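A short write-up of the structure that comes next.
Read the figures in this text as sums done on the coordinates, not as results from a lab. Quick caveat, the model's predicted, so the values are computed rather than measured. As a convention, Cβ positions derive from the backbone with ideal geometry for all residues, glycine included, and neighbour counts pool all protein chains shown.
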Amino acid sequence: MAKIRVLLADDHTLLRQGMRRLLEAEDDFEIVGEAGEGLETIHKAEQLRPDVVVLDYAMPGLTGPQAALRIKQMEPKTKLIILTMHDDEEYVEEALGAGGVGLHAKRFGFPRVDRGDPLGLSGGYVSLSRRL
């Protein structure tokens with residue numbers, strides 16, 4: 001079975017390294033690249049054509065939702081998961097409006113649904129918080 005190709009985008013290197021380690025410990029994923037800001041994320045997504053982009057909401061250059069919108073226009077099949085420290089409804093609406101399959105609050109740890117649907121990519125979305 002083919003691995004899910006993932007691009008990680010966050011302006012905090014430590015967070016990217018942590019996400020990489022978590023995903024590389026699973027057989028389902030291949031990390032194809034990393035980016036530290038919005039425009040770099042768009043360029044790497046165009047170049048690498050990942051299945052999934054996990055990106056921070058607040059990055060330098062372009063925000064996560066701004067980058068997500070451009071990636072979705074460029075490659076509509078790419079799944080987008082936006083990470084944030086916020087849990088207000090406006091963030092959910094902006095992320096999903098940009099084409100994200102979900103918005104996930106960083107305080108709940110890295111999203112993982114189950115082995116049959118890693119990262120919740122089957123059309124549902126990764127929950128923002130335990131309230132939703």
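For segment 21-33, a tally of residues being under 13 Å from the mean Cα position of the chain (by Cα) and of a type in the set (Gly, Ala, Ser) returns 1.
Residues in segment 34-69 that are within 13 Å of the chain's Cα centre (by Cα), among the aliphatic types (A, V, I, L, M) and under 19 Å from residue 5 (Cβ atoms): 35, 42, 45, 52, 53, 54, 55, 67, 68.
If you go through segment 1-31, how many residues are under 17 Å from residue 68 (Cα atoms) and β-branched (Val, Ile, Thr)? Spell out how you get there, then give the answer.
Our first condition is that a residue be under 17 Å from residue 68 (Cα atoms); within segment 1-31, this holds for 5-11.
Right, trim to β-branched (Val, Ile, Thr) and you get 6.
Of the residues in segment 1-31, 1 are under 17 Å from residue 68 (Cα atoms) and β-branched (Val, Ile, Thr).
Among the residues of segment 18-28, none qualifies, meaning not one is in contact (Cβ under 8 Å) with a residue 40 or more places away in the chain and on the phi > 0 side of the Ramachandran plot.
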